[in-house]
Protein chains: 4
Amino acid sequence: MKLLFMGDIVGRSGRDALVAELPVLRRELALDFVVINGENAAGGFGITGAICDDIFDAGADVITLGNHSWDQREALVHIEREPRLIRPANYPAGTPGRGATLVEAASGARVLVVNALGRVFMEALDCPFEAVEKQIAACPLGEGADAIIVDMHAEATSEKMAMGHFCDGRVSLVVGTHSHVPTADAQVLPGGTAYQTDAGMCGDYNSVIGMEKDEPLNRFTTRIPSGRFQPALGPATLCGVFVETDAGGLATRIEPVRIGGRLKQVLPEV
Amino acid sequence: MKLLFMGDIVGRSGRDALVAELPVLRRELALDFVVINGENAAGGFGITGAICDDIFDAGADVITLGNHSWDQREALVHIEREPRLIRPANYPAGTPGRGATLVEAASGARVLVVNALGRVFMEALDCPFEAVEKQIAACPLGEGADAIIVDMHAEATSEKMAMGHFCDGRVSLVVGTHSHVPTADAQVLPGGTAYQTDAGMCGDYNSVIGMEKDEPLNRFTTRIPSGRFQPALGPATLCGVFVETDAGGLATRIEPVRIGGRLKQVLPEV
Amino acid sequence: MKLLFMGDIVGRSGRDALVAELPVLRRELALDFVVINGENAAGGFGITGAICDDIFDAGADVITLGNHSWDQREALVHIEREPRLIRPANYPAGTPGRGATLVEAASGARVLVVNALGRVFMEALDCPFEAVEKQIAACPLGEGADAIIVDMHAEATSEKMAMGHFCDGRVSLVVGTHSHVPTADAQVLPGGTAYQTDAGMCGDYNSVIGMEKDEPLNRFTTRIPSGRFQPALGPATLCGVFVETDAGGLATRIEPVRIGGRLKQVLPEV
Amino acid sequence: MKLLFMGDIVGRSGRDALVAELPVLRRELALDFVVINGENAAGGFGITGAICDDIFDAGADVITLGNHSWDQREALVHIEREPRLIRPANYPAGTPGRGATLVEAASGARVLVVNALGRVFMEALDCPFEAVEKQIAACPLGEGADAIIVDMHAEATSEKMAMGHFCDGRVSLVVGTHSHVPTADAQVLPGGTAYQTDAGMCGDYNSVIGMEKDEPLNRFTTRIPSGRFQPALGPATLCGVFVETDAGGLATRIEPVRIGGRLKQVLPEV
Ligand SMILES: [Fe+2]
Ligand SMILES: [Fe+2]
Ligand SMILES: [Fe+2]
Ligand SMILES: [Fe+2]
Ligand SMILES: [Fe+2]
Ligand SMILES: [Fe+2]
Ligand SMILES: [Fe+2]
Ligand SMILES: [Fe+2]
């Protein structure tokens, strides 16, 4: 299978670029399945039902979230009726929505997508390792699922790399999100799991993690807020990873994807 | 000028690879100046005088540090007599050593290197922006210095990107360290400063940020330490950035460098 | 001298109780000087000019702030024209207002009040120890000032106790604020400085640190906000400390004060 | 019933005072049940089997722990064979020992003791509210237990107060530990649960949270460690709370206890 995972969409710049490019990518890379992190899609904070629809229409199969899941209150309702939108699995029992979803690709292949939230320098949630374990134990690769994708939304590189090794040999891809910067450490881990510490954002890289830089700079230097954070509106670089899996669902290849905007362009050769 | 900056050396694996490759790189890339972050060079924790000597002998001009500066107590003494070894500039007044150093390259060019420590999710130090401002104001690009390199040792991508823009047009390079994962966002910022969020480590990437993965995984899943962190001993990938500057000291080009080990290899074309 | 320091006023409940009781206290305890922390006076978040006036009218000589200093934007302006309102001294240079103030009591005695913000589990500011050192060095007890009061607004008990010992013998009183719970460790330290880890809040103790308990409980258990924090409106307990100093400005006595509301009542004997 | 809970014993000073005073207290206050937090009993860090024995011999019925539970490795083994020693209930499944214990008092009354660890500014564990809920649901007050004591070992006053209200009407006592400073907010909450935000430590209060003050002060001012933390050896103040319950196990009275050392002495009248 050919899988694409794109990192956190930030605001209008990221959305517009994604909607424009994803149909092309889907065709040219002959993609079987596309997952996109959408936690910053709505003005930099959260996601709405209408934006979900736009992203699905552009060719996404599943949307994942993160620490900004509920910034738009309507997501708490929308997630209950949209099985392709998931939030971190390690929220407490009773949280709206679900932390994993098993979706059938156009080819008929079953893809399990799991979303987890790191705890280092982040919120106090249940253990992400235990949460991911539970999901992949309930639907193992090669049995319940033909491919498994884990979006590890986390701050610390250590926690993300640990999740990679924790899942190695048991899932197709562990990819990090949240830092809004793509990492250059794509590799297939020893057990056959594709891994990259962060997918990077889909947003304007002439910014501070996708936001207009004036207010972040102001806060860092004066320690006093003087306005809101606003998404930067320059051209977005779409960032993510492309993965190919074998018949057993393990990875044979992982390649970075960077399209548009300021970053060095890269597309997998097909 | 042609500058090379390599990220955190982690343990023996990183040191051995660096000592073997740096002389070759220095020659083949016709480097004028080399800076290396050495905060994890001694068994993963700190640096010693002997290790400094090895790194300088291999071709480094300046060594920077970070939150692990003093893990080896002898560094507190050694730094006083080694002007080419610097620690973060935003330690309090009275801290041994210095946070910036002006070094003359073989070509006669004067290069100012500044080290700063981020505060988001890190230690309580003085303001890194104020500390960097003070250093570059005292020795401006094109006046006191022919090139200026800022090592922003920090956890949060936001704080690193903010430092990039803060210095943009006033220094040759702002590069992050500490995350131990190279980022893929190398760019020349609008004002002419080369920038990459993290240089990545010089260490074994089949690991958790350079450390043998068993103990980190144990701690993440059980929350109870059962041993020490040990540097992973597999072959290192040397990670860093290559920068070319113009006559005014601003950047015309920044390219990633990744040599050896598991990560995708990349070297600037010359 | 007879000094009174009262902890964080939280919302209307705290304000009303303070305005009603302070004139009585001032008279009955024959107070020479009164300092009040007002960082939560305006609906739980920050302070306004009008509220400052009410607190001064009730008998306060100086109002201190903390991490909520700027929650009401007008405080940034008001603080510039109100020398009796101070904010933490370890904000960066250029911050509106000042971190210390020397005020003449009705008796003619000069009282220096210093406000500092802790860094453990709090914001990234400059060093509070260095900031306090600077203020008390510039206006030493027995020379520039007849009494010195330090409000150490901090989360960690360790940082507050350290500030007590740091100032011991050099100031009249170090008292903590911010935790919104009075501590029972009032003592005169070996060098003659009165100390209590936290003054406690002036607010309703049938609450979560002064706030209506439903929303805090909801957030702790579900990890999802479902509304705003609102000050609890039950009767406030006014909490603080009473200190007597000798001719040299050192403390001879420190006693807790708790008036009204749910907590056990205590008033110094006179 | 008459219950006594004493806060974190810190080092030799705290142990010696406790062993000397507890038998007297037990007799004079006619105590039915005694719980002591012992997480810092062994040189300030953790606990050993021998120290547990000393504390039990002096008259404790149950010992609780906290974030320092495993500082002495032998505790991981000892806790398995000592049912009266408990660690926080919200450690992951599989952690040695247990998070709650039901013990029969000499009178035949059954007392459930639950230990939980806060997550604000602390370790990433499972939800303490959920963990406590599970324990008190399994052994409800008035049914499985004649009294229930919850030791909420936490940093933030907000999280401790929230736990008080969360348990109100369902347990006899919620008392905080960890801050090493007694609070002066003892009260019976509206539903009948006795509450105090922190019991305070049993240790030397001429210190920084029980430790010799030089090294903490050094670290706060220089940001560089220059030695180990050592328990202060001056006379300890034993700090805790005394609670009386009615036939249904709810509280009718809570009083602070402070014996010896520098703090103001207080003992409940009997
Ligand atoms: Fe994001
Ligand atoms: Fe995020
Ligand atoms: Fe490092
Ligand atoms: Fe570091
Ligand atoms: Fe406050
Ligand atoms: Fe505060
Ligand atoms: Fe403790
Ligand atoms: Fe503790």
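The values are calculated or read from the model by the stated rules, or taken from the named source; none is laboratory data. All figures in this text were calculated on a predicted structure; none of them were measured in a lab. In this analysis, Cβ positions are derived from the backbone assuming ideal geometry, glycine residues included, and neighbour counts consider all displayed protein chains. These accessible areas exclude ligands, DNA and RNA; they are computed on the full protein's heavy atoms, side chains included. Shrake-Rupley method; radii C 1.70, N 1.55, O 1.52, S 1.80 Å.
Mind listing P(r) for the stretch A:72-231? All alpha-carbon pairs, 5 Å bins, whole percents.
All Cα pairs, binned at 5 Å, distribute as 2, 9, 15, 18, 19, 16, 11, 6, 3, 2, 0, 0 percent.
Using only Cα atoms, tell me the angle between helix A:157-167 and the longest principal axis of chain A; keep it within 0 to 90° and round to the nearest 10.
20 degrees
By a straight-distance test (C-alpha under 16 Å), which lysines pair with B:Lys213 as possible cross-link partners, with residues fewer than eight away in the same chain excluded?
List returned: A:Lys160.
Roughly how far apart, in whole Å, are the Cα centres of the stretch A:175-250 and the stretch D:204-252?
After rounding, the separation between the Cα centres reads 43 Å.
Quick one: plug the Kirkwood hydrodynamic radius of the stretch C:33-105 (C-alpha pairs) into Stokes-Einstein at 20 °C, 1.002 mPa s, and report D in µm²/s.
179 µm²/s
Can you give me the % of accessible surface on chain B that is carbon or sulfur? Probe 1.4 Å, all protein chains present, nothing else counted.
That share works out to 51 percent.
How big is the D-C contact in terms of buried accessible area, both chains counted, 1.4 Å probe, rounded to the nearest 100 Å²?
3500 Å²
Considering only chain A, pick the residue with its Cβ nearest the axis of the rotation onto chain C, and state the distance in whole Å.
A:Phe121, 6
Going by average Cβ neighbours within 10 Å, how do the peptides C:251-264, D:256-269 rank, with the highest at the top?
On the way: C:251-264: 19.7, D:256-269: 17.3.
Ranking the peptides C:251-264, D:256-269 by packing returns C:251-264, D:256-269.
Against the longest alpha carbon principal axis of chain A, how many degrees, from 0 to 90 and to the nearest 10, is the axis of helix A:49-58 turned?
For helix A:49-58, the angle is close to 60 degrees.
Please name the residues of the stretch A:105-138 whose accessible area, counted over protein heavy atoms with a 1.4 angstrom probe, falls by no less than 10 Å² between the chain alone and the full protein assembly.
A:Arg119, A:Val120, A:Phe121, A:Glu123, A:Ala124, A:Leu125, A:Asp126, A:Cys127, A:Phe129, A:Glu130
Taking H placed 1.01 Å from N in the peptide plane, check which residues at least 5 places from C:Leu189 or on another chain put their amide H under 5 Å from its amide H.
Under 5 Å from the amide H of C:Leu189 lie the amide H atoms of C:Ala194, C:Tyr195, each far enough along the sequence or on another chain.
How compact and how long is the stretch B:139-203, expressed as Rg and Dmax of its alpha-carbon atoms in Å?
Rg then Dmax for the stretch B:139-203, in Å: 11.6, 37.
For the protein assembly as shown, what Kirkwood radius comes out of the mean inverse Cα-Cα distance, in Å?
Across the protein assembly as shown, the inverse of the average 1/r is 30.5 Å.
Let me know the Kirkwood hydrodynamic radius for the stretch C:1-56, please, with Cα pairs as the basis and the value in Å to one decimal.
Radius from the Kirkwood sum: 11.4 Å.
Residue-wise, which Karplus ³J(HN,Hα) couplings in Hz belong to the stretch C:62-73, taking 6.51 cos²θ - 1.76 cosθ + 1.60, θ = phi - 60°, and x for glycine or proline?
Per residue, the Karplus-derived 3J(HN,Hα) values read 9, 10, 10, 10, x, 6, 9, 3, 10, 4, 9, 4 Hz.
How compact and how long is the stretch C:1-122, expressed as Rg and Dmax of its alpha-carbon atoms in Å?
Computed over the Cα atoms of the stretch C:1-122, radius of gyration and Dmax are 13.8, 41 Å.
Return one number: the angle in degrees, 0 to 90 and rounded to the nearest 10, between the long axis of the Cα atoms of helix A:128-138 and the longest principal axis of the Cα atoms of chain A.
30 degrees
Residues of the stretch C:253-270 losing 30 Å² or more of accessible area relative to the isolated chain, 1.4 Å probe, heavy atoms only?
Checking the loss per residue gives C:Arg262, C:Leu263, C:Lys264.
Taking the alpha carbon gyration tensor of the stretch A:192-244, what are the square roots of 5 times its eigenvalues, largest first, to the nearest whole Å?
30, 13, 6
At q = 0.17, 0.20 Å⁻¹, work out log10 I(q)/I(0) for the stretch B:86-175 with the Debye formula, treating every Cα as an identical point scatterer and leaving solvent out; two decimals please.
Log10 of I(q)/I(0), two decimals: -0.66, -0.89.
Find the accessible area per residue for the stretch B:202-252; the probe is 1.4 Å, ligands and nucleic acids are left out, and the unit is Å².
Numbers: 1980 Å² over 51 residues.
Ligands and nucleic acids excluded, the figure is 39 Å² per residue.
Using only alpha carbons, build the gyration tensor for chain A and give me the equivalent ellipsoid semi-axes, biggest first, whole Å.
Those come to 27, 21, 18 Å.
Counting pairwise Cα distances across the stretch A:138-270, what percent come out greater than 25 angstrom?
The proportion of pairs with Cα distances above 25 Å equals 36 percent.
Please list, ordered by chain and number, the residues whose modelled amide H lies under 5 Å from the amide H of D:Val208; skip anything fewer than 5 residues away on the same chain.
Here the answer is D:Lys213, since their amide H atoms fall under 5 Å of that of D:Val208.
Among the lysines, which fall within straight-line cross-link reach of B:Lys134, defined as a Cα-Cα distance under 16 Å, with same-chain neighbours fewer than 8 residues apart omitted?
Within the straight-line limit of under 16 Å, B:Lys134 reaches no lysines at all.
Karplus couplings for the stretch A:196-211 from phi (6.51 cos²θ - 1.76 cosθ + 1.60, θ = phi - 60°), rounded to Hz, Gly and Pro as x?
Working through the residues one at a time gives 9, 4, 8, 6, x, 8, 9, x, 7, 8, 9, 5, 10, 6, x, 9 Hz.
Helix-only estimate, please: 222 nm mean residue ellipticity of chain D, summing -39500 (n - 2.57) across DSSP H runs of length 4 or more and dividing by its residues, to the nearest 500.
-7500 deg cm²/dmol
Between C:Asp214 and the same site in the other copies, what are the distances in nm, shortest first, taking label points 7 Å from Cα along the C-beta direction?
Sorted ascending, the copy-to-copy spacings read 4.0, 5.4, 5.6 nm.
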